[in-house]
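Q: Mind having a look at this structure? Questions to follow.
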Amino acid sequence: MEINKVALKAFYDLHKEDYFRRRYSGDAKLWDELYKWDILPRLNKELAQYQSVTKESVAEVARILTHHTSTSNFANWRDIDDLKDFLQRPNAHAVINELWRATPESVDQNIDSAGAMTQFLMSDKKFAPSTWAYLLAARDCHSFALYRDVVMKQVAEICGIDKPAAVSQGKKYALVNDAALYLGELMRRDITEAPYMQALDGQDFLWVVLMYSED
């Protein structure tokens, strides 16, 4: 699934004034997303030392990945509980390492491969796309966005894509990530506070515009 940049640019132009009004209002009732900037860049810094995930490093990587999940809604809490157990299994590090190899261009394949590996190692478990997204954003929130199915469906509608639910987890995520990266690129000139994080900024724009109710 490919994003429609013309449609997304029109979407950005239509909503950017209201989005930035909310974001810079200082009112948590209008914008309550600062926790993402508090947590994800910190995780990026902590995980930067692990260019790959090995049997020797997986326990520490798992500790870092699961440390902040009780104070955020980045991923399904049941998935995080299962992830803690899963990462103690032999060869589970290979699943995380598959995500660590991802680029924005290859991420759909990396997620689908990680999912297949997970089911091979833990046949009764299928992690949600939001969990894969959290692991990717924890690694690099400049390149990888957080994910929710409800946002994916609306991005697909904006881009004129039919039946987005029929595709793989990886392709669903790639659609949202590509949209977030493009919107983040458009936002760069308008960001006046906080570190610029392309995927994180683009994801926040989508989340706030699509999911916040009108005040």
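The values are calculated or read from the model by the stated rules, or taken from the named source; none is laboratory data. Being a predicted model, the structure only gives us computed values, none of them experimental. Every residue, glycine among them, receives a Cβ derived from its backbone with ideal geometry; neighbour counts consider all protein chains shown. Heads up: the accessible areas ignore ligands, DNA and RNA and are worked out on the full protein's heavy atoms, side chains in. Shrake-Rupley method; radii C 1.70, N 1.55, O 1.52, S 1.80 Å.
Q: Among (1) modelled with pLDDT of 95 or more; (2) over 26 Å from Trp37 (Cβ atoms), which single condition is Val155 missing?
A: The single condition Val155 does not satisfy is (2).
Q: Test of understanding: among Asp124, Asp162, which residue is out of contact with any helix residue (DSSP H, G or I) (no Cβ under 7 Å at 6 or more places or on another chain) and closer than 30 Å to Pro90 by Cβ? Talk me through it step by step, then tell me what you get.
A: Values: Asp162 fails: closer than 30 Å to Pro90 by Cβ.
So the residue among Asp124, Asp162 that is out of contact with any helix residue (DSSP H, G or I) (no Cβ under 7 Å at 6 or more places or on another chain) and closer than 30 Å to Pro90 by Cβ is Asp124.
Q: Where residues in the stretch 136-145 are within 17 Å of Ile64 (Cβ to Cβ) and within 8 Å of the chain's Cα centre (by Cα), which of them is surrounded by the fewest Cβ atoms within 10 Å (Cβ to Cβ)?
A: So in the stretch 136-145, the residues within 17 Å of Ile64 (Cβ to Cβ) come out as 136-141, 144.
Then drop every residue that is not within 8 Å of the chain's Cα centre (by Cα), which leaves 136-137, 141, 144.
Details: Leu136: 26, Ala137: 27, Cys141: 24, Phe144: 29.
Only one residue tops the list, namely Cys141.
Q: Which of the residues spanning the stretch 10-39 are open to solvent by less than 40 Å² (accessible area, probe 1.4 Å), touching a residue at least 60 places away in the same chain (Cβ under 8 Å) and either touching a Gly at 6+ places or on another chain (Cβ under 6 Å) or outside any loop (DSSP other than H, G, I, E, B) (or both)? I'd like the intermediate steps shown before the answer.
A: Applying the first criterion (open to solvent by less than 40 Å² (accessible area, probe 1.4 Å)) to the stretch 10-39 yields 11-12, 19-20, 22-23, 30-31, 33, 36-37, 39.
Right, trim to touching a residue at least 60 places away in the same chain (Cβ under 8 Å) and you get 11-12, 19-20, 22-23, 30-31, 33, 36-37.
Within the stretch 10-39, Phe11, Tyr12, Tyr19, Phe20, Arg22, Arg23, Lys36, Trp37 meet the criteria.
Q: Can you pull out every residue in the stretch 184-210 that is open to solvent by less than 10 Å² (accessible area, probe 1.4 Å) and among the small types (Gly, Ala, Ser)?
A: Within the stretch 184-210, Gly184, Ala199, Gly202 qualify.
Q: Any idea how many residues of the stretch 185-215 are over 12 Å from Lys16 (Cβ atoms) and in a loop (DSSP other than H, G, I, E, B)?
A: 10
Q: Scanning the stretch 50-67 for residues that are closer than 25 Å to Gln203 by Cβ and polar (S, T, N, Q), which turns out most open to solvent (accessible area, probe 1.4 Å)?
A: Only one residue tops the list, namely Gln51.
Q: Could you check the stretch 101-129 and list, in sequence order, the residues that are buried (at least 20 other Cβ atoms within 10 Å of the Cβ) and either assigned to a helix (DSSP H, G or I) or of a type in the set (Ser, Thr, Tyr) (or both)?
A: Just the residues of the stretch 101-129 that are buried (at least 20 other Cβ atoms within 10 Å of the Cβ), to begin with: 102, 107-108, 110-111, 114-115, 118, 127, 129.
Residues satisfying the conditions are Val107, Asp108, Asn110, Ile111, Ala114, Gly115, Thr118, Pro129.
Q: Something else about it: Could you check Ala7 against (1) farther than 21 Å from Leu146 by Cβ; (2) open to solvent by 30 Å² or more (accessible area, probe 1.4 Å); (3) in a helix (DSSP H, G or I) and say which number it fails?
A: (2)
Q: Can you report the number of residues in the stretch 75-100 which are open to solvent by 60 Å² or more (accessible area, probe 1.4 Å), of a type outside the set (Lys, Arg) and in a helix (DSSP H, G or I)?
A: Let us first name the residues in the stretch 75-100 that are open to solvent by 60 Å² or more (accessible area, probe 1.4 Å), namely 76-78, 81, 84-85, 88-91.
Narrowing the set further to residues that are of a type outside the set (Lys, Arg) leaves 76-77, 81, 85, 88, 90-91.
Retained after the next criterion (residues that are in a helix (DSSP H, G or I)): 77, 81, 85.
Residues that pass the stated criteria total 3.
Q: Give me a count of the residues in the stretch 134-166 that are without any contact (Cβ under 8 Å) to a residue 12 or more places away in the chain, outside any helix (DSSP H, G or I) and small (Gly, Ala, Ser).
A: As a first pass, look at the stretch 134-166 and keep what is without any contact (Cβ under 8 Å) to a residue 12 or more places away in the chain: 157, 162-163, 166.
The next check asks that each one be outside any helix (DSSP H, G or I); those that pass are 162-163.
Of the ones still in play, those that are also small (Gly, Ala, Ser) are none.
Adding up the residues that qualify gives 0.
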